[in-house]
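Below is one structure; the comments refer to it alone.
The values are calculated or read from the model by the stated rules, or taken from the named source; none is laboratory data. Model, not experiment: these values are computed from the prediction. Every residue, glycine among them, receives a Cβ derived from its backbone with ideal geometry; neighbour counts consider all protein chains shown.
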Amino acid sequence: MVGLTRPADLPSGRLQADISAFFLYDSIMSLNRSKGAKFDRDAPAYTLAEAARYARLPVATLRSWVLGRRYPTAEGHAEFPPLIRPASRRPPWLSFSNLIEAHVLRSLRTEHGVPVKALRSALAYSEKALGIDRLLLRPELRADAGKVFLDRYGELIDLTASGQLAMRRLLEEHLKRIEWDSSRFPVRLYPFLSASAPSAERPIVIDPRIAFGRPVVVSKGIATSTIAERVDAGESVADIATDYDLAPSEIEQAVVYERAA
């Protein structure tokens, strides 16, 4: 099964969770196919842990973005609402659209360490001003809509001119990793190989129509998890490359992606 970790590497509880996740997603996809439906980009597809790995985020950070979080105040406690509307809250499951939203948010939140409140306020302001729902999913972020959002965001967190320029560049780099269809909705995500050393290379893709939306090598559609498992089992890079008709560098990139997650 694509995407499942080998039993020898996992406690039984974790293995059972992986198996349950796989079959739940498989049943959703089977139902859609039986109805002759196209893939639903908003259908539950990823656990929090999976989505956090693919978006290169700490699980706790993504959890707070998806489910909200309580925080202490002088009067006791308060809660901030989530930034992302998950496909399912109980249990928490994210869709491909949610994965895209997390990817875009990562360029703003993790690189600048600004309050979630400022992000929410800037998003609400921009969506209302522009008349665009779920702005984080829209290709308009690459043009005027992105300028409106970032200008408002910069005002709220009092960024310097150089800070705003850096933030704009980071957002642009993240948006380049997304592919939209003719309906202006995201259909592919090319994740960064490593969170610590992002590059312009795009050897890995996450496409909800391929391998149940799990990361695959772009050229052949081979799951990165499958490649990493074979390397861990002691097979040589050269042999695996020959089996899949891939370049050795593609095998190495798949392993780097899996182990950096």
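Here are some notes:
- Here 31, 48, 62, 57 are screened, and the one residue that is over 28 Å from residue 106 (Cβ atoms) and either at pLDDT below 50 or buried (at least 17 other Cβ atoms within 10 Å of the Cβ) (or both) is 31.
- Residue within the range 72-95 that is of a type in the set (A, V, I, L, M), in contact with a Leu (Cβ under 9 Å, 6 or more places away or on another chain), without any contact (Cβ under 8 Å) to a residue 60 or more places away in the chain and farther than 18 Å from residue 137 by Cα present: no
- Candidates 165, 159, 150 - the one that is over 17 Å from residue 105 (Cβ atoms), out of contact with any Asp or Glu (no Cβ under 9 Å at 6 or more places or on another chain) and hydrophobic (A, V, I, L, M, F, W, C): 165
- Members of the range 184-211 found to be modelled with pLDDT under 90 and of a type in the set (Gly, Ala, Ser), listed by number: 194, 195, 196, 197, 199, 200
- Residue match in the range 80-89 (condition: surrounded by fewer than 17 Cβ atoms within 10 Å (Cβ to Cβ) and of a type in the set (Phe, Trp, Tyr)): yes
- Members of the range 219-251 that are crowded, with 17+ Cβ neighbours inside 10 Å and closer than 25 Å to residue 173 by Cα: 223, 224, 250, 251
- Flag for residue 184 being more than 15 Å from residue 99 (Cβ to Cβ) and either in contact (Cβ under 8 Å) with a residue 12 or more places away in the chain or not polar (S, T, N, Q) (or both): yes
- Residues in the range 75-109 that are aromatic (Phe, Trp, Tyr) and modelled with pLDDT of 90 or more: 2 in all.
- Any hit, the range 145-155, residues being under 28 Å from residue 247 (Cβ atoms), among the aromatic types (Phe, Trp, Tyr) and touching a residue at least 40 places away in the same chain (Cβ under 8 Å): no
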